[in-house]
Amino acid sequence: MCDLASAGPCFNPSMMLAGRRIPTQRMPWLAPGAVLRRLAEMRAAGGHRAAEMLLDAIGANRAPHEVAAILEALSEAGDTPDADRVLTTACRRPSTEVAAMLAALPPARRATFLTHARDASQVVAVTALLDPADSDALLDAAVARPARADSEVPSPARPAEADDVRGWPACTAGLVTALREAGRGEQARQLAGRVAAGCRDVPEFLELIGAIPVDDVLATVAARRAPDEVAAIAAHLETSGAEAAGLLARAVLAEGAATIAAVLARLDETGQAAALRRILQRLAATPAGVVVQVMAELVRADRRALSRAVATAVPAGAQWPARVLIDQVVASPAHAARLAGLADPGRFAAELVAEPAGVVAAVLTRACAAGAGAVVDAILDELARGTGTVKWIARLWHLDPEPAASAGHRPDLVDRFLGLVVQHRSPRQVADLIRELDTGDGGPIAARIVRLLLDDPGRRWARPYVGHLLGDSPRAADLCGDWTGDRTTLARAAAVDELRRLLPEPDPADGWQPTLTLRPDERPLWLIRLGDLEAGSLIGLSDRGVHCHSAPRPPGPQSPREFHVDYEQFAQLTFAFAEDAQRIRIGKEDSFYYWAAGNAADAEARAVTALLNQVAAAVRAICAVRLDEPLGPSASGWFTAAGV
């Protein structure tokens, strides 16, 4: 018989398991520290075999929490071989006891079970007995990609291949299969998804789907890989199973327009016609808004030919994004009719001018042919706001009309463009542009700008400023006339011009009858009477200003007064008829004075008030011109779609 005190329990052949004798006699409980001391004493006495038998007995017979306590003590002591021996033996026990042992271990120690488990089925059985959080954590550890250590022992449950060695996906697939066989399908799906997400390249992913069937989870993970990898996986599935290929196509469509476009582009580049066709067929069944967004992404990626192929899936009434519409209009004049119905031509034009000049010119030509005047105006307006004015003048000058345009003729885009250029530039910038054109080969265009300023009534009071800024240019005289640069002179001219437009031409006269005071070199023009000299106003309009003799209606405390207002002062004045007091109120900021209307009819007094306000508006237009501020739209409305 053996010495129990020194050698531990005896064994018989019936106690053999897988080549190792497992003691079945339950020994008295020893605290973990005492076990470590006993092992040390045995080995010090040469009882190495007895020490191994003691470890086997602990793993096979001790209560699960006692095994866990001894494993923890061995690990803390750094005695990994002894801990491995105990754990290997413990893993041969029923799953309920293994699960109880793991539950008693600290979470950080539980993953060691995976390298000692008999097979994937045992891992599945044990995790089914743990709390859900502990179960998920252990399964995640089971499929985690390990960094191989020299001391690590591979197991069927947790592979230990190095990162650069194939086999990890297929090995983890065994655990997924075991979960499915155990009726834990949803957990198997989620675990497969995590394994798939950990695949570092296409070969690893293909190895995984070669071991387990593709489902919607794996398809979703595949669709979220880089576009070139998605394309490679799609091409592989076309040869291995239509159902799996369909799942991947559906998953790609669920990822949104950017992903769809990138995958389509990659399939097109690599010549994967079958996979490309499958996704396009499914894309045709999606809402039109998704399709046009895919087209927009393809255009943005400069895959215009592919975008046009996708266009066949778009219903006729769908609204296309600007980038898509631009590409379609360039590709075929049949799409130009859509330009006439754009809800926001300005936004469309803003995106168009970011395209190459040739694309802009093509769309502009077809917009003219389609009669999309609002779009033409918006495009020209965007071009006029930007740089490269001289370049665009040359392009528009040589732009051919679209054959389908009215009788083969197009509107004069150059004049419309020049009108907008002037609108968005200050007098100083207009003068600089004329000078630049004259210096180069743009003399005819410079002449057209000058003619535009001369012919457009809305620019009458801006052109003298431009002419004055041209200095000694031969074109300055045409624009300035006899103006010397004095703003007062220009204000007087504007006032008289407005009066001539509204009143009959006055007869030549040396003075007014009745008499109103005139200054030296002042020429009388019109005389207007409101009421009579005893109660009313006598208003004289000269070439320099307005004279008024105002007599309030008696009885009144005021005596007749004389007023003189120069035209240049009209910019700060407002005129209003006060019907209750029968007088015209003249306001300047916070001060007022009045001209009597006497017994004049209200309509007559109102007409005079309106006349004075129109003169004031003309003078204000002169004063509003700033040399370094944009001139703004022409008051005449020339060179717009409505004016062509």
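The values are calculated or read from the model by the stated rules, or taken from the named source; none is laboratory data. Quick caveat: nothing in here was measured; it's all calculated off a predicted structure. Note that each Cβ is placed from the backbone with ideal geometry, even for glycine, and that neighbours are counted across all protein chains shown. Ligands, DNA and RNA are stripped out before the accessible areas are found, and what is left, the full protein with its side chains, is counted by its heavy atoms. Shrake-Rupley method; radii C 1.70, N 1.55, O 1.52, S 1.80 Å.
Taking into account only those residues within the range 509-528 that are in contact (Cβ under 8 Å) with a residue 24 or more places away in the chain and open to solvent by 60 Å² or more (accessible area, probe 1.4 Å), which is farthest from the chain's Cα centre (by Cα)?
Here is the first cut: in the range 509-528, the residues in contact (Cβ under 8 Å) with a residue 24 or more places away in the chain are 512, 514, 516-519, 525-526, 528.
Next, from what is left, pick out any that are open to solvent by 60 Å² or more (accessible area, probe 1.4 Å): 517, 519.
Working: THR517: 69, ARG519: 67 Å.
Looking at residues that are in contact (Cβ under 8 Å) with a residue 24 or more places away in the chain and open to solvent by 60 Å² or more (accessible area, probe 1.4 Å), I get THR517.
Six or more apart or on different chains, Cβ under 6 Å: which pairs go from a residue in the range 592-606 that's under 17 Å from HIS564 (Cβ atoms) to one that's assigned to a loop (DSSP other than H, G, I, E, B)? Could you list them?
ALA596/PRO552
Go through the residues of the range 411-432 one by one and say whether even a single one is at pLDDT below 90 and either closer than 18 Å to VAL330 by Cα or not in a helix (DSSP H, G or I) (or both).
yes
If I ask for residues that are in contact (Cβ under 8 Å) with a residue 12 or more places away in the chain and open to solvent by 20 Å² or more (accessible area, probe 1.4 Å), which ones from the range 35-46 would you list? Give the derivation first.
Taking the range 35-46 as the starting set, the residues that turn out to be in contact (Cβ under 8 Å) with a residue 12 or more places away in the chain are 35-36, 38-39, 42, 45.
Within the range 35-46, LEU36, ARG38, ALA45 qualify.
Does the range 190-212 contain at least one residue that is closer than 18 Å to ALA262 by Cα and among the polar types (S, T, N, Q)?
Among the residues of the range 190-212, not one is closer than 18 Å to ALA262 by Cα and among the polar types (S, T, N, Q), which makes the answer no.
Can you pull out the helices (runs of 4 or more DSSP H) entirely within the range 241-306 that have at least 2 residues that are of a type in the set (Val, Ile, Thr)?
On the way: elements: 242-254, 257-269, 273-283, 288-300.
So the answer is 257-269, 288-300.
Taking LEU399 and the conditions (1) touching a Phe, Trp or Tyr at 6+ places or on another chain (Cβ under 8 Å); (2) more than 28 Å from ALA257 (Cα to Cα), which numbered condition does it fall short on, given that it satisfies the others?
(1)
Any residue at all in the range 456-464 that is open to solvent by 80 Å² or more (accessible area, probe 1.4 Å), modelled with pLDDT of 90 or more and either more than 30 Å from ALA372 (Cβ to Cβ) or outside any helix (DSSP H, G or I) (or both)? Write out each step before concluding.
Of the residues in the range 456-464, the ones open to solvent by 80 Å² or more (accessible area, probe 1.4 Å) are 457, 460.
Next, only the ones that are modelled with pLDDT of 90 or more stay: none.
No, the range 456-464 contains no residue that is open to solvent by 80 Å² or more (accessible area, probe 1.4 Å), modelled with pLDDT of 90 or more and either more than 30 Å from ALA372 (Cβ to Cβ) or outside any helix (DSSP H, G or I) (or both).
Can you name every residue in the range 468-508 that is within 18 Å of ALA621 (Cβ to Cβ), part of a loop (DSSP other than H, G, I, E, B) and open to solvent by 30 Å² or more (accessible area, probe 1.4 Å)? Break it down stepwise before answering.
The first filter runs over the range 468-508 and keeps only residues within 18 Å of ALA621 (Cβ to Cβ), leaving 468, 479-481, 483, 485-502.
Next cut, part of a loop (DSSP other than H, G, I, E, B) only: 481, 483, 485-486.
Answer for the range 468-508, where residues must be within 18 Å of ALA621 (Cβ to Cβ), part of a loop (DSSP other than H, G, I, E, B) and open to solvent by 30 Å² or more (accessible area, probe 1.4 Å): GLY481, GLY485, ASP486.
In the range 537-615, which strands (runs of 3 or more DSSP E) lie fully inside it and hold 1 or more residues that are among the aromatic types (Phe, Trp, Tyr), open to solvent by 80 Å² or more (accessible area, probe 1.4 Å) and over 25 Å from PRO524 (Cβ atoms)?
On the way: elements: 545-551, 561-566, 574-578, 583-588, 591-596.
Of the strands (runs of 3 or more DSSP E) lying wholly inside the range 537-615, those with at least 1 residues that are among the aromatic types (Phe, Trp, Tyr), open to solvent by 80 Å² or more (accessible area, probe 1.4 Å) and over 25 Å from PRO524 (Cβ atoms) span 591-596.
Having 3 or more residues that are out of contact with any Cys (no Cβ under 8 Å at 6 or more places or on another chain) and open to solvent by 40 Å² or more (accessible area, probe 1.4 Å) is the bar; report the helices (runs of 4 or more DSSP H) wholly within the range 58-137 that clear it. Lay out the reasoning, then the answer.
On the way: elements: 64-76, 80-90, 95-104, 120-127.
Filter on the range 58-137 gives 64-76, 80-90, 95-104.
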